[in-house]
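Here the structure is laid out as structure tokens; the discussion comes afterwards.
The values are calculated or read from the model by the stated rules, or taken from the named source; none is laboratory data. Remember, predicted model here, so these are calculated numbers, not experimental data. Cβ coordinates were reconstructed from backbone atoms using ideal geometry, including for glycine residues, and neighbour counts include every protein chain displayed. Only protein heavy atoms, including side chains, enter the accessible area calculation; ligands, DNA and RNA are left aside. Shrake-Rupley method; radii C 1.70, N 1.55, O 1.52, S 1.80 Å.
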Amino acid sequence: MVSPTIELLKEELPVNQESLVLSEDVKTGLVLVDIVNGFCTVGSGNLAPTQPDEQISGMVGESVKLARVFCEKKWPIFAFLDSHHPDIPEPPYPPHCIAGTNESKLVPALQWLENEPNATLRCKDCIDGFLGSIEKDGSNLFVDWVRNNQIKKILVVGICTDVCVLDFVCSTLSARNRGFLVPLEDVIVYSNGCATFDLPIHVAKTMKDAIAHPQELMHHIGLYMAKGRGAKVVSEVSFGA
């Protein structure tokens, strides 16, 4: 149950959401952010849920449905996989999604994407996938993906709404505004295809240097911030003829 306080905050900080109909007329790419075991599969690491989580499982389900349709239509998909070197920490977070471990792999329901020709997988070692796409020669794999596929819209799903999803969305919008992502026009966040983690205040108080992170509120704030930066936020996605 959502608390009255959170409901009040949602009224004060509304996120008006649209319905999205995708068609062949406008080239659209699907971006999956960090739908890996280390963030989504119960018991799979320091930042994984400790018990089944409705918001996270719902996000995974929606993401799988979209990925299936995009593959059927042979539309481009770009999937970020959080993947860290064990000797390079990412404060303030504990070690997580270490490269080569099961934590850094796509959740079981999406592992089939590894063999899909229209899917580009990118291991990233930072919160922001846009920065994590920069190669040693200065090129950017995500920018090249947009340009090579002549993508005009991207539909973004994944975890966490207010962390990795938000940072990627904000950087992408800034790059679009500077003209670095031609022909990209719209960055669209699917609210039901996103999720974040839950760390209630009573639990945070028992942990050193932990900050409370109420799931429903922070999910809403992530969507609110994305919309405030210029993203479109949608509550439904369907496919036209």
Please find, within the range 224-233, the residue that is nearest to Leu20 (Cα to Cα) out of those that are open to solvent by 10 Å² or more (accessible area, probe 1.4 Å) and not small (Gly, Ala, Ser).
Lys232
Across the range 40-90, what is the total count of residues that are of a type outside the set (Asp, Glu) and part of a loop (DSSP other than H, G, I, E, B)?
21
Matching residues in the range 89-124 - criterion: being modelled with pLDDT under 95 and of a type in the set (D, E, K, R)
Glu90
Among the residues of the range 214-223, is any touching a strand residue (DSSP E or B) at 6+ places or on another chain (Cβ under 7 Å), in contact (Cβ under 8 Å) with a residue 60 or more places away in the chain and surrounded by fewer than 18 Cβ atoms within 10 Å (Cβ to Cβ)?
no
If I filter the range 31-39 for residues that are under 19 Å from His84 (Cβ atoms), among the charged types (D, E, K, R) and in contact with a strand residue (DSSP E or B) (Cβ under 7 Å, 6 or more places away or on another chain), do I get at least one hit?
yes
For the range 8-66, which positions are of a type in the set (Asp, Glu) and closer than 20 Å to Met218 by Cβ?
Glu11, Glu12, Asp34, Asp53, Glu54, Glu62
